[in-house]
1. Can you tell me which residue among 209, 219 is surrounded by fewer than 22 Cβ atoms within 10 Å (Cβ to Cβ) and in contact with a helix residue (DSSP H, G or I) (Cβ under 8 Å, 6 or more places away or on another chain)?
2. Say we look at the range 260-277 and pick out the residues that are over 17 Å from the mean Cα position of the chain (by Cα) and farther than 13 Å from residue 216 by Cα; which of these is surrounded by the fewest Cβ atoms within 10 Å (Cβ to Cβ)?
3. Please specify each residue of the range 117-135 satisfying the condition of being over 16 Å from residue 6 (Cβ atoms) and not in a helix (DSSP H, G or I).
4. Would you tally the residues in the range 408-431 being without any contact (Cβ under 8 Å) to a residue 40 or more places away in the chain and touching a helix residue (DSSP H, G or I) at 6+ places or on another chain (Cβ under 6 Å)?
5. Just the residues that are surrounded by fewer than 21 Cβ atoms within 10 Å (Cβ to Cβ) and in contact with a helix residue (DSSP H, G or I) (Cβ under 9 Å, 6 or more places away or on another chain), please, taken from the range 315-330.
6. Working only within the range 257-302, note down all residues that are outside any helix (DSSP H, G or I) and in contact (Cβ under 8 Å) with a residue 60 or more places away in the chain.
7. With the requirement that a residue be in contact with a helix residue (DSSP H, G or I) (Cβ under 6 Å, 6 or more places away or on another chain), crowded, with 21+ Cβ neighbours inside 10 Å and assigned to a loop (DSSP other than H, G, I, E, B), what does the range 374-399 give you?
């Protein structure tokens, strides 16, 4: 099929590359000329396992093209995916200005019947707005063309996005047009050869599904973090509690690991956007509001541990940070817990020496560029030299089996704050660490 993807961010680039991998002809469009030139030269703007090789391979085969020319893309496609950003507005709602700007451009440029797919994460009712925007432009041009706006929410996990797209748990399509539903089914069939995971529904239900999925997962995380805080106060061990409840098949082990809060581009934004939608319709979403409040508070748990140990005045203290990204296998630092921890410690006079396998460039150039209390190293052990304590924030694989003797030798004091409860406390105490976990007294 002939496909165009508007937006070469995380979702757009992964989607375009995976569609091209299956033999489709794909054109990816972006207004950022530098980004497009970099993509043509094999330079990928994000870190995502397997993505770089897939982009380069399909670009060489000319099944994947990059352009800043929207007209070229629309003329040479029958299905257009809108995959631009929907940043969070000041009131928590999803900002649709970029989505609607693309819809307007489509209406101005299309010359044949098309399917337009909302791939961006958008609130309920967006498809209607996109459809109206396109139709208004067609009316101005005096054209009678047939088009269908389809909702196709993405369910990609950063760090495993290629695997998720190529072998999806489910493909959700929302449309009231039977022909459009059949075409979308055909498009996704190659990704579901072993079992059909295609789920068709109406547009508003599809739009709602994305937000509900992320809100449910965020709820599990915040719930377990709240339990961790209770465990710490009553003298229980949240790690044992997690094992006790996870064995229940109705609950399971996924997303019940206590930690220092969730981050990223999806959970924080989507929970707030769903809550805002509910309030716009006169409903107070008490659970969603609590999920967000617990998470915001949880991001300070580790820094509070440090302050309780070393005091409010941290002048002259240096702390090693392992992990800056919001999760492993990505360089994404949006809403990362590391940002809160570093901000709260440096505000009290501490120096930070940080290491992350992939996110240091992001930290230097964007998220921590104005924080002069932070320095960066190229090795996890280099971060420890003469530090007063170390803090584990992101559970990268290379942190799972470190040399504990080397850690003790490099640190001024064998003090370890574990923001992801990665190690066994009894073992850590036995080998000589003063070891702090979340949800364990």
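Read-outs: derived from the displayed coordinates by stated rules, not from any lab. A quick note: this is a predicted structure, and the numbers were derived from the prediction, not measured. Neighbour counts run over all protein chains shown; Cβ positions are idealised from the backbone, glycine included.
1. 219
2. The residue in question is 276.
3. Once the filter is applied, which keeps residues that are over 16 Å from residue 6 (Cβ atoms) and not in a helix (DSSP H, G or I), the range 117-135 yields 123, 124, 125.
4. 3
5. Hits for the range 315-330 are 317, 328, 329.
6. Of everything in the range 257-302, those that are outside any helix (DSSP H, G or I) and in contact (Cβ under 8 Å) with a residue 60 or more places away in the chain turn out to be 257, 258, 259, 260, 261, 262, 263, 264, 265, 266.
7. If the condition is that a residue be in contact with a helix residue (DSSP H, G or I) (Cβ under 6 Å, 6 or more places away or on another chain), crowded, with 21+ Cβ neighbours inside 10 Å and assigned to a loop (DSSP other than H, G, I, E, B), then 393 is the only one that fits.
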